């Protein structure tokens with residue numbers, strides 16, 4: 001699918017075997033779909049077969065990916081999932097290299113809202129009041145950005161291992177604005193913020209030949225405060241529960257930034273697709 005701006009995406013769609021309810025199917029929009037669509041789709045397929053036991057109802061899964069056979073497109077996702085920030089706030093990457101282009105989150109969100117969602121509505125009966133967004137890492141950052149900028153876009157937001165550190169915490173300005181204006185925007189939104197318990201702990205296995213690279217990576221992991229940032233964000237948002245925001249924080253002990261994805265998927269589906 002090519003957006004109006006000329007950006008090309010690979011869209012994955014899975015439909016339930018079960019007939020749609022009168023209100024239409026709920027939908028889960030999944031970022032980094034080249035890597036995650038299969039996992040999410042199989043989890044929905046298996047668990048929704050017995051929603052009374054699993055707490056997961058049948059749903060359409062829409063994966064947003066890129067025209068590559070690799071699991072991730074680092075350059076495209078860095079641009080699409082990040083808000084616009086001062087380039088001087090980026091600093092350098094762990095290996096000392098420059099960042100690829102950043103700041104495309106608003107254009108990417110326009111694509112989802114104005115082009116992708118209407119296309120999905122034409123494919124299957126959709127419940128417009130049961131739409132979830134699932135993202136991990138930079139995708140988790142984008143999920144939070146969407147919540148803060150356009151909370152009416154989805155009813156459920158799953159931010160896995162969100163990169164809150166990006167741009168010296170640039171997302172915090174959007175959070176502050178959202179919190180101040182919550183009474184004037186859509187309410188009854190559910191937010192799951194989750195992180196692996198080891199995401200703030202440098203790995204214990206190192207390659208002696210790459211000691212400097214290891215030390216740079218270890219310093220990066222500690223400095224980014226993945227666990228602390230996620231927990232603190234959830235705590236601040238939870239204080240808004242009186243204004244229609246349902247917030248849950250989940251920490252998965254023993255899981256790192258990548259291994260957390262499979263357990264996060266199951267937890268996210270129960271959070272977003274509970275029977276009603």
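How would 257, 136 line up from fewest to most surrounding beta-carbon atoms within 10 angstrom? Before the final figure, lay out the partial values.
Working: 257 19, 136 28.
Fewest-to-most Cβ neighbours within 10 Å comes out as 257, 136.
Decide, for region 8-106, between rounded, prolate and oblate: order the square roots of the alpha carbon gyration tensor eigenvalues as a ≥ b ≥ c, take rounded if a/c falls under 1.5, and otherwise choose prolate if a/b is larger than b/c, else oblate.
Verdict is prolate for region 8-106.
By how many degrees, between 0 and 90 and to the nearest 10, does the Cα long axis of helix 211-224 differ from the longest principal axis of the chain?
Taking Cα atoms only, the helix is inclined about 50 degrees.
Relative to the longest principal axis of the chain, what angle (0 to 90°, nearest 10) does the C-alpha long axis of helix 138-149 take?
60 degrees
Got the relative contact order for the chain handy, in percent, Cα pairs under 8 Å and 6 or more residues apart?
This gives 19 percent for the chain.
Sort 37, 134, 154 by Cβ crowding within 10 Å, fewest neighbours at the top. Kindly include the intermediate steps, with their values, before the conclusion.
On the way: 37 22, 134 30, 154 25.
Fewest-to-most ranking of 37, 134, 154: 37, 154, 134.
Take region 124-276, compute every pairwise Cα distance, and split them into 10 Å bins from 0; I just need the percent in each bin.
Cα pair-distance distribution for region 124-276, in percent: 11, 40, 31, 13, 5, 1.
Given Cα positions, please report Rg to Rh for the chain, the hydrodynamic radius being the Kirkwood one.
With Rh from the inverse mean 1/r over Cα pairs, Rg/Rh is 0.96.
What is the angle, in °, between the Cα long axis of helix 33-47 and the longest principal axis of the Cα atoms in the chain? Nearest 10 is fine, range 0 to 90.
40 degrees
Would you work out if region 226-276 is rounded, prolate or oblate? Take a ≥ b ≥ c from the square roots of the eigenvalues of the alpha-carbon gyration tensor; rounded if a/c is under 1.5, else prolate when a/b is larger than b/c, oblate otherwise.
Note, shape of region 226-276 comes out oblate.
Could you state the number of Å between the C-alpha centres of region 85-164 and region 8-49?
18 Å
Bear in mind these aren't lab numbers, they're just calculated from the coordinates by the rules spelled out. Predicted, not measured: the structure shown is a model, and the values here were computed from it. Here the Cβ is made from the backbone with ideal geometry for all residues, glycine too, and neighbour counts use every protein chain on show.
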